[in-house]
Amino acid sequence: MENSMDINLKIKEMAERIRELRLIENYTPEEMAEKTGVSVDEYVKCENGEADLNFAFIYRCAAALRVNVTDIIEGFSPNLKSYTVTRAGAGQQIAKAHGMTYHNLAYAFKNRIAEPLYVVSNYDEEAQNRDIELTTHAGQECDIVIEGHLMVQIGDHREVLGPGDSIYYNSDTPHGMIAVNGADCKFYAIVLRDDVDATEGMESEIVPTEKIIGSIHRDTKDRIYHNFIDIVEDEQGTPTSITFKNEDKFNFAFDLVDELSRREPEKLAMLHIAKDMTERRFTFTDMRKLSSQCANYFASLGIKKGDRVMLILKRHYQFWIAMLGLNKLGAVAIPAVDQLQEHDLEYRFDSAGVSAIVCTADGDVARQVDIAAEKCPGLTVKMMVGGTREGWRNFDEEYKRFSSHFDRTESSPCGDDTMLMYFTSGTSGYPKIAKHNYKYPLGHFHTAKYWHNVDPDGLHFTISDTGWAKAMWGKLYGQWLCEAATFVYDFDRFDAAEILPMFAKHKITTFCAPPTMLRMMIKQDISKYDFSSVQHMTTAGEALNPEVYRQFEKATGLQIKEGFGQTESTMIIGNLVGKPHKIGAMGKPAPIYKVELLNSDGEQVKTSESGEICINVKDGAPCGLFTGYYGDKEKTDEVWYDGYYHTGDVAWCDEDGYYWYVGRADDVIKSSGYRIGPFEIESVIMELPYVLECGVSAVPDEVRGQIVKASIVLVNGTEGTDELKKEIQNYVKEKTAPYKYPRIVEFKDSLPKTVSGKIQRNKL
């Protein structure tokens, strides 16, 4: 039971929310008093938090202001659509008024046509000798006594109800009730609403099994991953359990690439398309030999196990050769993107202790490296790919001079040895350095097999620069574990019109790209292109707007399966193949991760409530989860504690077990007592045909704490007028609760992004 201080605070918060909604709807206090059936003076006291808020008043405010009662009481919208369970003693405590304490038993259910309430009426001796306070509200009501006795007045009629007794009446008739016979009374009040269309917005987003396009690749062949992975699948072929074995000795380059080259020497590993459209086909035998040459080359330069080597190689085929060579040698690979400037590089060289770099000749990045290297004496070896530069070794010429044999020894890296480090793509502050060990590739098995649904005889295409962690999701580890070939196009700038014909030309079978690039493809009218070879499609990197899903399915018939993970992990949550999925949902946790949604007190939240996505590691961390932040115990301890890894991302889980993205914990907007997730607003705005990109952020406000701002990039040919701003604002008001609309709409030529392409909301 909440104490009086908690109740008073809650009343103040609800009053603040009511006032905010009134101002949004441009109602006067006099108009709201009329709509709620109280005097102007009473209404003003309620809005100022100076009077108790009974349920009838809150109910009428919600109806007048076009929101759910839960929006006013809790500051967020209900989400559940099929069912909700409220255990004894739980429920949403509304407030205490007129001696009544109300608990809503279905507050999380969307578009409910009834308000089921558990009510405690406190016995008051003085109330026995005065008139019962009467109130009215729309609809009908049924009250059922479960303990004690209740005197109910309906109009001029009074009835005393005992345990098991009930009363049903039109609630627009003045009514009220008090506990009698010397004891408190507990009862259920079911308020039946007549102002709600129960079907509005309730159409199911779920795509059932029988409507899923495509099917899982059934594979009975003895695959190489069976040496390290055990899987239990259900009847649909979806994994229910994935466990690892021999992982402490695992080395991807030796155990996967080299072994595959012996089993199937001519099996295709990668089809690489250079920017000049030169095609190169690499077998696993090619990769074994070339990576061994590379490992020997690195060793000749003094690079040894544990040394940190940065790779800035865009989508050059040399990245795969260098990566595998470092894996064999035991030097730690640090992939990075070519957009980094001198100060970015200097920070990375120093913080990671980089001693060598393999860098593209493209663009200005080598010059930036040289400037940064002047301040970083630890960087002693510089190798260039695709060109020459004074002070740099010629990687392409030199590594080929070395032996194509590199034998595994007792000291070869494996298991818990550090294999890979990635600078995180955080949207604020300096990036951290996530460490991954040699078990990490095994953690991508489910990413490729059960999310990408790769075909061992097919060709998988993930659009990602090798400097992003997403490249490890879709361009190397999981795909080759499943013996599928990868498709790589080494472009400079993403051009949808240039890439779209490649699907048919090269018979690409599975495809993954971030939503930003999918939106660019849609703008090119994807219905004009042949996607017939594509069997399965996925997306990650940012939340998928439902409108992108719908447009892609309409044009191509492909259903995009969303997945969620981080630089620090493999795919944590996803819509796995063979199972129903929900449009706009991230999916369900992958079998290797124990996912829990926790509040700020470290407690699991209820179904439909938002909480931080956390991974339970009390029984040990799974293969694929990072081992900590290099050189930063403080930052590691901030996310690894109490037996959990805390992702910093917020989501809610529905009644069917699907997770829905809300945003980064730091991105949640708190305005006038409401908690607003930016992604929901972005999804609504993206439905508008003239919007190309959208980022929603918080702006400080003296009155409201924060207000919502939408930064929008319009499609070519659309003028950003004041009238268009109002149109966007009104559209959001109509599609969501009114308090979520952006008070500020700003049109921009582009949105600030991290080097990995994520919108930097702190810079909007």
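Residue-by-condition table, conditions (1) assigned to a loop (DSSP other than H, G, I, E, B); (2) closer than 30 Å to ASP276 by Cα; (3) among the small types (Gly, Ala, Ser):
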{"residue": "MET323", "(1), (2), (3)": "no, yes, no"}
{"residue": "ILE334", "(1), (2), (3)": "no, yes, no"}
{"residue": "GLU346", "(1), (2), (3)": "no, no, no"}
{"residue": "GLN368", "(1), (2), (3)": "no, yes, no"}
{"residue": "GLY378", "(1), (2), (3)": "yes, no, yes"}
{"residue": "MET383", "(1), (2), (3)": "no, yes, no"}
{"residue": "THR388", "(1), (2), (3)": "yes, yes, no"}
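Look at (1) assigned to a loop (DSSP other than H, G, I, E, B); (2) at pLDDT 90 or above and you find that ILE146 fails only one, number (1). Scan the range 548-562 and tell me whether some residue there is more than 20 Å from GLU693 (Cα to Cα) and part of a strand (DSSP E or B). Yes, there is a match, as at least one residue in the range 548-562 is more than 20 Å from GLU693 (Cα to Cα) and part of a strand (DSSP E or B). Looking only at residues in the range 705-736 that are over 14 Å from GLU682 (Cβ atoms) and assigned to a loop (DSSP other than H, G, I, E, B), the one that is nearest to the chain's Cα centre (by Cα) is VAL715. Can you pull out every residue in the range 516-540 that is outside any helix (DSSP H, G or I), at pLDDT below 90 and in contact with a helix residue (DSSP H, G or I) (Cβ under 6 Å, 6 or more places away or on another chain)? GLN524, the sole residue that qualifies. For the range 174-184, the set of residues classified as part of a loop (DSSP other than H, G, I, E, B) and surrounded by 14 or more Cβ atoms within 10 Å (Cβ to Cβ) consists of PRO174, ASP184, listed by residue number.
Screening the range 266-311 for residues that are among the aromatic types (Phe, Trp, Tyr) and farther than 20 Å from CYS414 by Cα and picking the one that is farthest from the chain's Cα centre (by Cα) gives TYR297. Residues that are surrounded by 23 or more Cβ atoms within 10 Å (Cβ to Cβ), under 14 Å from THR466 (Cα atoms), at pLDDT 95 or above and not hydroxyl-bearing (Ser, Thr, Tyr) do not occur anywhere in the range 385-395. Quick check: is even one residue across the range 8-16 in a loop (DSSP other than H, G, I, E, B) and either at pLDDT 90 or above or within 33 Å of the chain's Cα centre (by Cα) (or both)? Looking through the range 8-16, none of the residues is in a loop (DSSP other than H, G, I, E, B) and either at pLDDT 90 or above or within 33 Å of the chain's Cα centre (by Cα) (or both).
Please go through the range 578-591 and give me each residue that is more than 14 Å from ALA543 (Cβ to Cβ) and surrounded by 24 or more Cβ atoms within 10 Å (Cβ to Cβ), ordered by number.
First pass over the range 578-591, keeping only residues more than 14 Å from ALA543 (Cβ to Cβ): 578-581, 588-591.
Across the range 578-591, the qualifying residues are HIS581, ALA590.
Sub-7 Å Cβ pairs linking a first residue in the range 430-458 that is farther than 23 Å from GLY578 by Cα and assigned by TED's automatic domain parsing to the domain that holds CYS414 to a second residue that is among the acidic types (Asp, Glu) and at pLDDT below 95, at least 6 apart or interchain, are LYS432/ASP632, ordered by first then second residue. When the range 225-263 is filtered for residues that are buried (at least 16 other Cβ atoms within 10 Å of the Cβ), modelled with pLDDT of 95 or more and either over 30 Å from the mean Cα position of the chain (by Cα) or more than 18 Å from TRP480 (Cβ to Cβ) (or both), the ones remaining, listed by number, are PHE250, ASN251, ALA253, PHE254, ASP255, LEU256, VAL257, ASP258, LEU260, SER261. Please state which one of GLY37, GLY99 is at positive phi, of a type outside the set (S, T, N, Q) and modelled with pLDDT under 85. Among GLY37, GLY99, only GLY99 is at positive phi, of a type outside the set (S, T, N, Q) and modelled with pLDDT under 85. If you check PRO689 against the conditions, is it free of Cβ contacts under 8 Å to residues at least 40 places away in the same chain and either among the small types (Gly, Ala, Ser) or part of a strand (DSSP E or B) (or both)? No: the conditions fail for PRO689. Restricting the first member to the range 365-381 and to residues that are without any contact (Cβ under 8 Å) to a residue 40 or more places away in the chain and in the same structural domain as VAL309 (by TED's automatic domain parsing), and the second to residues that are of a type in the set (Phe, Trp, Tyr) and assigned to a helix (DSSP H, G or I), the beta-carbon pairs closer than 8 Å and six or more apart or on different chains are ALA372/PHE349; ALA373/PHE349; CYS376/PHE349; GLY378/PHE349; LEU379/PHE349. Does any residue of the range 723-738 turn out to be of a type in the set (Phe, Trp, Tyr), closer than 20 Å to ASN68 by Cα and buried (at least 22 other Cβ atoms within 10 Å of the Cβ)? No.
In this structure, LEU558 does not satisfy being touching a residue at least 40 places away in the same chain (Cβ under 8 Å), touching a Cys at 6+ places or on another chain (Cβ under 6 Å) and of a type in the set (A, V, I, L, M, F, W, C). Does ASN129 satisfy the condition of being exposed (fewer than 15 other Cβ atoms within 10 Å of the Cβ) and either at pLDDT 90 or above or polar (S, T, N, Q) (or both)? So ASN129 passes the test.
Of the residues making up the range 25-56, those that are in a helix (DSSP H, G or I), in contact (Cβ under 8 Å) with a residue 40 or more places away in the chain and surrounded by 19 or more Cβ atoms within 10 Å (Cβ to Cβ) are PHE55, ALA56.
Every condition in (1) crowded, with 22+ Cβ neighbours inside 10 Å; (2) in a strand (DSSP E or B) is met by CYS623 except one, and the failing one is (2).
The values are calculated or read from the model by the stated rules, or taken from the named source; none is laboratory data. Given the structure is predicted, the values throughout are model-derived calculations rather than measurements. Cβ: placed from backbone, ideal geometry, glycine included. Neighbour counts: every protein chain shown.
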